[in-house]
Each structure stands twice: as C-alpha cells, then as structure tokens.
Amino acid sequence: MVGEARRILVTGATGGIGTAICRQLAGSGYSLVLAARDEAKLKALSDDVTGNGHMWLRLDMTSDQSIRQFAEELAAKHIALDGAVLMPPQAHSTNDPMPSSEAWRALFQNCFIGPLEVLKVAIDRMSSDPINGRRAKIVIISGISSAQVLGHYATSNVLRCAWIGEAKTLAFALGARGIHVNTLSLGGTLSPWYREGIEKRAEAAGITFEERLAEETSNIPLGKYGEPAEVAVAVEGLLSPFSDHMTGLNIMHDGGFTRSY
Ligand SMILES: NC(=O)c1ccc[n+]([C@@H]2O[C@H](COP(=O)([O-])OP(=O)(O)OC[C@H]3O[C@@H](n4cnc5c(N)ncnc54)[C@H](OP(=O)(O)O)[C@@H]3O)[C@@H](O)[C@H]2O)c1
C-alpha cells in the first residue's frame, strides 16, 4: 500500500493491459485518471475499480482537439498528477519497410506526436518536489522492436526507437525536477486482442490455439508470453520508490526473448 493517495494518469486504461494496470494500482491505493476514447468502456472500468476518487476523461490521442479538451478538463478540475502511464496507439503490424510519405506522416502524428502532446499535458500537471522526497514517475509502454528489429513490425521498429530517444531526452531534461521517465518494452502479452491474433494464426495453420501458442513461445527463454497482470506489477514497480534512482531506462518485459545487450 502507498501512504497518501498518489494520482496517476493511465491512458489506454480500458484495454486488456490498461485494465490490468488500473486494477493493480487501484488495489494498491492509487487514485487514477482513466483515459481512452470509448466512454461506455471508461464508465464500466471506473465502476470496476472503485475507491480513492478515480475519475475518467475521454481522450483521443490522434486528435489535437481532443487533447486540448483533455488538458482543459484537467486544468478546470485542478488535477495534480504524481505519474502517468502512457500507451501510444499501436502501429499496425506490417512488413513494408518503405511506406508512402503520407502513411509515415499519419503514423508519426497518431503514434508519436499526438501521444507526446498528451505527455506534455501530463508533465504540466506534475507537482514533484524531489528535495522533499516527492517524485513523479512516467512509464511509457513500448514494445520489443525498441531494441531489436522485427520483420513484421517494420514501422514499429522506427516509432518505438523514436520513443526511446524521446524518453531518454525527457529523462535528462526532467531529472532535476524529480520527474522520472522509463519505458517498458513488452513482448507478446496475452491481452484479448493479442489472443485473437494467435487464434487467427492457429486457424490459418489448421492447428489449435494451444499448439500455436507453444510454437510461438518455443524461442522465448521463459517459454511463455506475458500476462497483462504481470505487466501491471512491473508498471507499479516503476511508479514506486523501486525506481527512485532509475530514469531513462528501456526495460524489456519479454520473458528473455530480446538478446541485445
Ligand atoms: N499485447 C501485446 O502483446 C503488446 C506487445 C507490445 C506492446 N503492446 C502495447 O501495449 C499497449 C496496450 O496493448 P493492449 O494489448 O492492452 O491493447 P488494447 O486492448 O487494444 O488496448 C488499447 C487501449 O488504447 C486505447 N486507445 C486506442 N487508440 C487510442 C487513441 N487514439 N487515443 C486514446 N486511446 C486509445 C483503447 O481504448 P479506445 O479504443 O476506447 O480508445 C484501449 O484502452 C499498446 O500501446 C500496445 O502497443 C502490447
């Protein structure tokens, strides 16, 4: 349990991984600002994670107008943040290494520039005071293509690396304010949409879900994909005093799959 209720913004709150993170943090006494696009899902989640004055706000990270409105609502409600979990929208899986300029512009806008605007809004609401032990923690959810090229995630290879550069730059710039910025790079994690992908690949190969899962995880040292609840525990660690002397790190959460140093 944490002492006083620290308030954390969780974007992508209603997704498979976001929901697990919200449950974990709410259970540990954090006060949450839940953000995503679908209001009905936000309402259902906020009923699910009761306690400590949680609130939800609609946010579309690909829309400048939505981000402006989100910033205004946080300001109007005088919301101070102790941290943020940022989940930039995922670029679709593709093996095209040279998409058109138009496609790149849209990808950078939706997966990097928009979410970075959201992060700037969150940073503006952070009231860290490191001399008195009050630190703010940012965790950016990334993927393993941040450290190792994946053939079927050609555009993610670039976008994830952009986030690593930005996270390290922000960590350097914001360290004196007691604002920490780390990225958590996920390997395959069994959220509902990821399970659906395995189901489709299994069907296409004419094998069962379990057979396909065993095939896909055979080259992972721990022999399994991650669970959303495992990601949630790691995120909580990075928001906690565990990371009081850690910033600018890209941490692999992939069962040992990534071999790079
Ligand atoms: N699962 C994996 O294997 C895996 C691996 C590597 C990285 N990741 C990363 O982990 C994160 C979560 O994955 P997940 O499996 O939990 O996916 P998910 O279930 O599809 O959840 C995505 C979440 O993001 C929200 N979202 C999507 N587009 C948005 C937008 N434009 N603006 C604001 N919110 C938006 C969704 O809610 P709305 O649709 O209502 O907005 C939802 O809450 C993603 O960032 C993904 O890149 C996942």
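The values are calculated or read from the model by the stated rules, or taken from the named source; none is laboratory data. The structure presented is a predicted model; accordingly, all values stated were derived computationally and were not measured. Using ideal geometry, Cβ is built from the backbone for each residue, glycine included, and neighbour counts are taken over all protein chains shown. The accessibility values were calculated without ligands, DNA or RNA, using every heavy atom of the protein model including side chains. Shrake-Rupley method; radii C 1.70, N 1.55, O 1.52, S 1.80 Å.
Computed values, structure above
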item: Net charge, residue 127 excluded, C-beta distance under 9 Å - Lys, Arg +1, Asp, Glu -1; result: 0
item: Candidates per chymotrypsin sites (Phe, Trp or Tyr not before Pro) in region 131-180, loop by DSSP, up to 12 other Cβ within 10 Å; result: none
item: Per residue, in Å², the accessible surface of the chain once ligands and nucleic acids are set aside, probe 1.4 Å; result: 49 Å²
item: Mean Cβ neighbour count within 10 Å, used as a protection proxy, ranking 57-64, 4-11 highest first; result: 4-11, 57-64
item: Around residue 183: net Lys/Arg minus Asp/Glu count, Cβ-Cβ under 14 Å; result: +1
item: Enclosed volume per residue, in Å³, of the convex hull spanned by Cα atoms of the chain; result: 136 Å³
item: Intensity falloff of region 1-83 expressed as log10 I(q)/I(0), Debye formula with alpha-carbon point scatterers, at q = 0.11, 0.14, 0.23, 0.26 Å⁻¹; result: -0.26, -0.43, -1.11, -1.34
item: Highest to lowest packing among 173-179, 208-214, scored as the average C-beta count within 10 Å; result: 173-179, 208-214
item: Summed side-chain charge close to residue 205 - residues other than residue 205 whose Cβ falls under 13 Å, Lys, Arg +1, Asp, Glu -1; result: -3
item: Heavy-atom accessible surface of region 130-209: percent carbon and sulfur, 1.4 Å; result: 60 percent
item: Accessible area, probe 1.4 Å, largest first, for residues 261, 225, 30; result: 261, 225, 30
item: Crossing angle, helix 154-174 versus the chain [Cα axis fit, 0-90 degrees, rounded to tens]; result: 20 degrees
item: Sequence-separation-based contact order of the chain, relative, with Cα cut under 8 Å and 6+ spacing, percent; result: 19 percent
item: Per-peptide average of other Cβ atoms within 10 Å, ordering 218-224, 134-140, 33-39 highest first; result: 134-140, 33-39, 218-224
item: Theoretical FRET efficiency, 1/(1+(r/R0)^6), r = Cβ-Cβ of residue 132 and residue 215, R0 45 Å, to 0.05; result: 0.30
